[in-house]
Amino acid sequence: MSHKVGFIGVGNMGGALLKSVVRYNKETLKNNSEDQKLFSVSAFDINSQLLKKLAGEMDIIEETSAINLAKNCDIIVLAIKPQYCDNVLNEIKPAITDKKVIVSIIVGLSTRYFKSVLGSHARVVRTMPNTPALVGEGMTLISWNDSVNEDEREAIIQLFSCSGRVEELEENLMNEVTALTGSSPAYVFILIEAMADAAVKSGIQRKLAYRLAAQAVLGSAKMVLDTGKHPAELKDMVCSPAGTTIEAVATLEQEGFRNAIIKAMDECTRKAREIDRNNSGK
């Protein structure tokens, strides 16, 4: 069975998810003698040039408006900024029946908000993906309610599995997890850039420094996932007595590295909660 999935918004995050689904479709067709795609993919974006470019590069249906997409699709992925959501929801509202499933990747907006605009019959799934979806290493959190049936759940899990790992989470923690998965790639990119800057300062060529720093981060993350060991235990394995690494770790502690990360994540969570509060009365 092919599910009709539509993306409203194909910017950085929406585009990353869209590309991962199209890539999955292509691989499925290559390995499936039944010649059946799991997803029939449509897209709409107010940036018509970007949409036309993507449609020229990939096997997607280019829709002319958000309402047309909503009419033609069973699963509708909202990948837009929170400030544009009211206008988009009011446009697609006439097409939202109890046969449609709305999948939101929008930070800070609760299912309660969507029902307040679309009506109590609207079936809404809230998710929090991140941009490593673009390279198949994304992390997506999904919260459900009883209105979504098992077949639809399996389709949505598969949709996001195309771009990486998927975990389920209660909706009351979705604002809190924003800082941990949704926004955290930015912190890691800053870390990689800072490590590379220090390497360049020491005489290492910049492109090489970026590659080395990125691989060190990638390998370290894989060790946490694959070994199941506590990060502190893995850190201790690198820190030899009177060695170079423990000197670096001591300096990070002295300069407040750990506290800076915690404070940054607290501020990220505060902003997500603020977006939720500002829209909760609608």
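Where a number appears in this text, it was derived from the coordinates with a stated rule and is not lab data. Quick caveat, the model's predicted, so the values are computed rather than measured. FYI the Cβ positions are ideal-geometry reconstructions off the backbone, even for glycines, and counts take in every protein chain you see.
Each listed q (0.08, 0.14 Å⁻¹) maps to a log10 I(q)/I(0) for the chain from the Debye sum over equal C-alpha point scatterers, namely -0.41, -1.06. Cβ crowding within 10 Å ranks Leu18, Leu69, Leu252 as Leu252, Leu69, Leu18, fewest other Cβ atoms first. Taking the Cα centre of region 3-175 as origin and assigning +1 to Lys and Arg Cβ atoms and -1 to Asp and Glu Cβ atoms, the resulting dipole is close to 420 debye. From the Kirkwood radius over Cα pairs of region 3-158, Stokes-Einstein at 25 °C and 0.890 mPa s returns a whole-number translational diffusion coefficient of 156 µm²/s.
The alpha-carbon atoms of region 185-228, seen along their principal axes, cover 36, 18, 13 angstrom, with the largest extent given first. Helical content of the chain, expressed as a calculated mean residue ellipticity at 222 nm, amounts to -17000 deg cm²/dmol (DSSP H runs of 4 or more residues, -39,500 (n - 2.57) each, divided by residue number, nearest 500). The ratio of the alpha-carbon radius of gyration of region 212-254 to the globular-protein estimate 2.2 N^0.38 Å is 1.23. Long hydrophobic helices in the chain, taken as whole DSSP H segments with a C-alpha length of 30 Å or more on their own axis and mean Kyte-Doolittle hydropathy at least -1.0: 206-227.
Ordering Gly219, Leu234, Cys268 by Cα displacement along the dipole of region 184-273 toward the positive end leaves Cys268 in first place; charges were set at the Cβ atoms of Lys, Arg (+1) and Asp, Glu (-1). For region 184-273, the equivalent ellipsoid built from the Cα gyration tensor has semi-axes of 22, 19, 15 Å, listed from largest to smallest. When restricted to Cα atoms, region 78-221 yields an Rg and a Dmax of 19.0, 62 Å, respectively.
Relative to one another, the C-alpha centroids of region 2-17 and region 59-94 are positioned 10 Å apart. Each part reduced to its alpha carbon centroid, region 129-171 and region 218-251 end up 30 Å apart.
Here, region 63-147 has an Rg and a Dmax of 12.8, 37 Å when only alpha carbons are counted.
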